[in-house]
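Working notes, beginning with the structure itself.
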Amino acid sequence: MIKMLITVLFSINLFCIAYAQDTCEDNCGSGTLQEYWDNEVNCVCSLDCAGYGSACCDFYDVCYENPSNLEFSDFVGTWNGNITNDQTWSFDDPITIVIESNNDYTVTNNPGWHLVSDSYPGTEEVHYNSWTNILTFQWVLYYHYSCGGPCYTSVPFQVMDFEDGELTLFYNNGSGPAPQANSMFLSLDGWSPDLSGDVNQDGVINVSDIVIAVNIVLGMSPFNELADINGDGIVNVQDIILLVNIILWESEPEDVCEDIDGNVYETVWIGEQLWMAENLKVTHYNNGDAITHITNEEHWGSMDEGQYGVYDDEPTNANIYGNIYNWAVIGDIRGICPVGWHVPSDDEYTVLTDFLGGESVAGGKMKEAGLEHWNYDSDQISLEATNESGFTGLPAGHRNTNSGDYIYMGFYGYFWSSTENGSDLAWRRYLFHYSSGVARDTFGKPNGFSIRCLGD
């Protein structure tokens with residue numbers, strides 16, 4: 001880890017030194033976009049305003065801070081905004097684009113067939129060229145022998161601005177960007193101006209933020225409180241180290257999740273929440289008392305006594321899927337989650353699903369990728385299970401309160417919340433095999449579902 005950190009910091013310093021020799025001279029004037037594109041407006045700007053990368057002042061007389069150092073990972077997430085066209089006909093339509101880390105994308109709202117094929121859904125890919133700042137949306141338009149199979153079409157956009165979580169894209173037909181032809185103005189869901197470490201405020205924390213932080217340390221850029229990771233009022237090497245650790249997903253000591261039985265759980269940060277990335281499998285409360293283990297179907301389904309079971313009483317299922325618990329274990333004051341953790345409330349689950357783009361798409365980002373454990377209704381639903389969040393939701397199934405039977409393993413993953421709905425019911429979330437969504441409802445407390453814990 002130390003060797004890697006030294007290598008990263010050394011490379012960053014070389015990068016900064018290499019580009020610190022030039023300054024940004026703004027003489028773009030007030031030319032039109034096309035004049036700017038055709039080099040009719042003579043811009044002298046070898047370095048962008050942030051002190052890194054190669055860029056030039058635009059036709060609005062603005063030297064951009066971000067487009068020249070973007071990476072594809074900067075675009076991963078759920079984007080909401082408008083797509084417009086005022087050149088030959090008029091439209092201004094809301095659009096939602098979900099861009100995955102594997103270059104796939106979906107358009108949940110598809111106005112006028114602008115970015116996605118209705119004929120061949122599931123063929124969409126998005127690519128970003130950091131040299132040209134062109135973001136290209138591609139899909140299969142049709143199949144024909146002239147193409148040797150699938151015939152692809154695409155819509156290229158010039159990245160004009162990316163600041164404060166807002167993205168401006170102009171359609172690019174090869175001769176230059178056209179601001180009124182299929183222009184898009186998007187906002188990244190979950191972006192926060194107060195995200196510690198997001199120094200350039202583009203909604204993600206990556207090497208671009210390290211570059212700016214290093215420039216602050218070297219006195220080449222002004223102080224930015226978002227680079228002061230430890231909050232001591234100064235930006236120094238300690239902040240750089242913490243920033244690198246954030247990017248590398250290094251777990252701090254408080255991220256460790258170990259229950260009283262000695263089970264250590266994988267964890268993952270999703271937004272500002274720290275989640276277990278595995279289902280709970282503890283068999284004792286935090287004071288050491290055993291949780292009642294029910295193997296006899298007739299004895300399952302207590303309203304008041306905490307109970308757990310293992311699907312089909314098969315120990316290997318507990319290792320993979322965790323245990324199945326009734327809600328009474330959650331209400332027990334002895335505590336079931338590891339110290340420093342708790343069963344999430346219904347509202348906390350809502351924070352999670354909202355961060356992942358809403359209930360209609362969050363499920364695909366929460367489910368384990370692949371077919372090892374999930375039995376999907378269609379290849380499309382399988383492809384949409386990306387586990388982008390790292391939540392790694394599994395179809396652990398359900399234990400029925402009426403019969404004590406175990407059902408739906410491979411098809412449903414149910415998770416209790418700590419929020420009651422009256423004396424007999426409690427809120428839950430569940431993932432399912434025929435959709436990429438997340439469902440929310442209330443269910444009887446004697447039923448058996450999985451539990452995920454959330455960091456305090």
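Structural remarks
- Against the conditions (1) closer than 17 Å to Phe432 by Cβ; (2) of a type outside the set (Lys, Arg); (3) buried (at least 22 other Cβ atoms within 10 Å of the Cβ), Thr386 satisfies every one except (3).
- In segment 318-359, residue surrounded by the most Cβ atoms within 10 Å (Cβ to Cβ) [restricted to those that are of a type in the set (A, V, I, L, M, F, W, C) and in a helix (DSSP H, G or I)]: Val329
- Only residues that are of a type in the set (Ser, Thr, Tyr) and part of a strand (DSSP E or B) were counted across segment 374-408, and they come to 1.
- Leu371 passes every criterion in (1) of a type outside the set (Gly, Ala, Ser); (2) at pLDDT 90 or above; (3) part of a loop (DSSP other than H, G, I, E, B) apart from (2).
- Taking segment 409-456 as the region of interest, the strands (runs of 3 or more DSSP E) fully inside it that hold 3 or more residues being touching a residue at least 40 places away in the same chain (Cβ under 8 Å), more than 16 Å from Asn323 (Cα to Cα) and in contact with a Lys or Arg (Cβ under 6 Å, 6 or more places away or on another chain) are 425-432.
- Top-ranked residue of segment 140-184 - restricted to ones that are buried (at least 16 other Cβ atoms within 10 Å of the Cβ) and among the aromatic types (Phe, Trp, Tyr), ranked as farthest from Asp93 (Cα to Cα): Phe162
- Tally, over segment 190-230, of residues that are at pLDDT below 70 and surrounded by fewer than 19 Cβ atoms within 10 Å (Cβ to Cβ): 4
- Residue, farthest from Asn296 (Cα to Cα), within segment 428-449, restricted to residues that are crowded, with 21+ Cβ neighbours inside 10 Å and touching a helix residue (DSSP H, G or I) at 6+ places or on another chain (Cβ under 7 Å): Ser436
- The set of residues from segment 151-180 being outside any strand (DSSP E or B), over 27 Å from Asp354 (Cβ atoms) and modelled with pLDDT under 75 comprises Gly174, Ser175, Gly176, Pro179, Gln180.
- When Tyr311 is tested against the conditions (1) crowded, with 20+ Cβ neighbours inside 10 Å; (2) within 24 Å of the chain's Cα centre (by Cα); (3) over 19 Å from Ser418 (Cβ atoms), the lone failure is (2).
The values are calculated or read from the model by the stated rules, or taken from the named source; none is laboratory data. Given the structure is predicted, the values throughout are model-derived calculations rather than measurements. Please note: Cβ atoms are built from the backbone with ideal geometry, for glycine as well, and neighbour counts cover all protein chains shown.
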